[in-house]
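Working notes, beginning with the structure itself.
What follows draws every value from the coordinates through simple rules; no lab data is involved. Computed from a predicted model, the values in this text were never measured in an experiment. Using ideal geometry, Cβ is built from the backbone for each residue, glycine included, and neighbour counts are taken over all protein chains shown.
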Amino acid sequence: MTYSKITGTGSYLPEKILTNKDMEKLVDTTDEWIRERTGIRQRHIAAEDETTCDLASHAALRAIEMAGKSSSDIDLVILATTTADKIFPGTACLLQKRLGVHGCPAFDVQAVCTGFVYALGIADKFIRAGEAKCALVVGSETLSRILDWNDRSTCVLFGDGAGAVVLEASAEPGILSTHLHADGSYEHLLHVPHGISSGYEQLKAGEAYVYMEGNAVFKMAVNKLGEIVDEALEANQVSKGDLDWLVPHQANSRIIEATARKLKMSMERVILTVSEHGNTSAASVPLALDTAVRDGRIKKGETLMLEAFGSGFTWGSALLQF
């Protein structure tokens, strides 16, 4: 039986850092207020000439290097993003060109903060079906481009960044299962109200910003993340005690702590990067994963739960052996 296994991770953060103290100069907020409600201390912001593809390429090359591969080995490129470089072609195709990869499938996935978990699930299916042997899966965002910097309820939450993994065919178990869900009836609670086929003139006028009803999103996220974790454990007959690490979407430290409590996991076994990165949407999970792999916390053979929740609403998890 063919499995898919992560053999390399990579990430990239823009150089510019915006601290909570910096945010105090932009909107009516305080460092204490932001930290108490979100756990965020700072976020990285892409330079004016830095695109989602730029961030993605840095993260991808680092993942490819760790895997001991070259760009010519890649036979599938999936890029999760909400902030594509262009309306078309997809940013995955731009990344493919940047890496010198030719001919293989390359496409974007748009599931917002759950995007990377969705992309990982798709790549896993490609490999299990024998349609790919070495996939590059990336989450990359420049969320700062769609923030209203006068809206203190949203602009303090998000940042820019990218994360990537190389996923290879393996005879040994790697990704045990992925579980993907969505319910569009909640779209009004977290969205950008204008788009290409609806309100494009407003989009060009710069009115297409993130809108969020924070309390409603918080409650739904805690609920659904608890459910998705249980679903993954039950599907694989794995107990909570068998998990070595939880690698959650980095949106809010209180949501992450609630999920950890449900799993009866110490926060010492939870990868927490939200304080340094803010919410980087589709880049969040792979960024956190790469951080913990490179600092030595996550080791080969350990069991990981990846989970995320985002606009749509979308939510998903991946249970894997690293």
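Quick notes on this structure:
- Selected from 182, 135, 123 as most flexible by GNM, with the chain as the system and alpha-carbon contacts under 10 Å: 182
- Over the chain: helical MRE at 222 nm, DSSP H runs n ≥ 4 each giving -39500 (n - 2.57), nearest 500: -10000 deg cm²/dmol
- The chain, relative contact order in percent, only Cα pairs under 8 angstrom and at least six apart counted: 26 percent
- All C-alpha pair distances within region 156-229, sorted into 10 Å bins from zero, spread as 13, 28, 34, 19, 6, 0 percent across the bins.
- Residue among 120, 142, 39 farthest towards the positive dipole end of region 21-144, charges placed on Cβ: 120
- Placing unit charges on the Cβ atoms only, positive for Lys and Arg and negative for Asp and Glu, gives region 1-132 a dipole magnitude near 360 debye about its Cα centre.
- DSSP bridge orientation in the chain - percent antiparallel, rounded to nearest 5: 70 percent
- In the structure shown, the pairs 133/300; 224/299; 86/125; 86/262; 125/240; 97/125 are assessed against 30 Å; a Cα-Cα span above that value is assigned to 86/262.
- Report note on the peptides 193-201, 89-97, 102-110: ranked by the mean count of other C-beta atoms within 10 Å, highest first, their order is 89-97, 102-110, 193-201.
- Take the Cα radius of gyration of region 30-69 and divide it by 2.2 N^0.38 Å, N being the number of residues; the result is 1.77.
- Of interest is the spacing of the C-alpha centroids, which for region 76-133 and region 1-28 amounts to 19 Å.
- Ellipsoid semi-axes in whole angstrom, largest first, where each is sqrt(5λ) of the Cα gyration tensor of region 67-152: 26, 15, 10
- Here the chain is treated as an ellipsoid with the same Cα gyration tensor; its semi-axes, largest first and in whole Å, are 28, 24, 18.
- Alpha-carbon centroids, region 52-69 and region 231-272: separation in whole Å: 27 Å
- For region 1-157, share of DSSP beta bridges that run antiparallel, in % to the nearest 5: 30 percent
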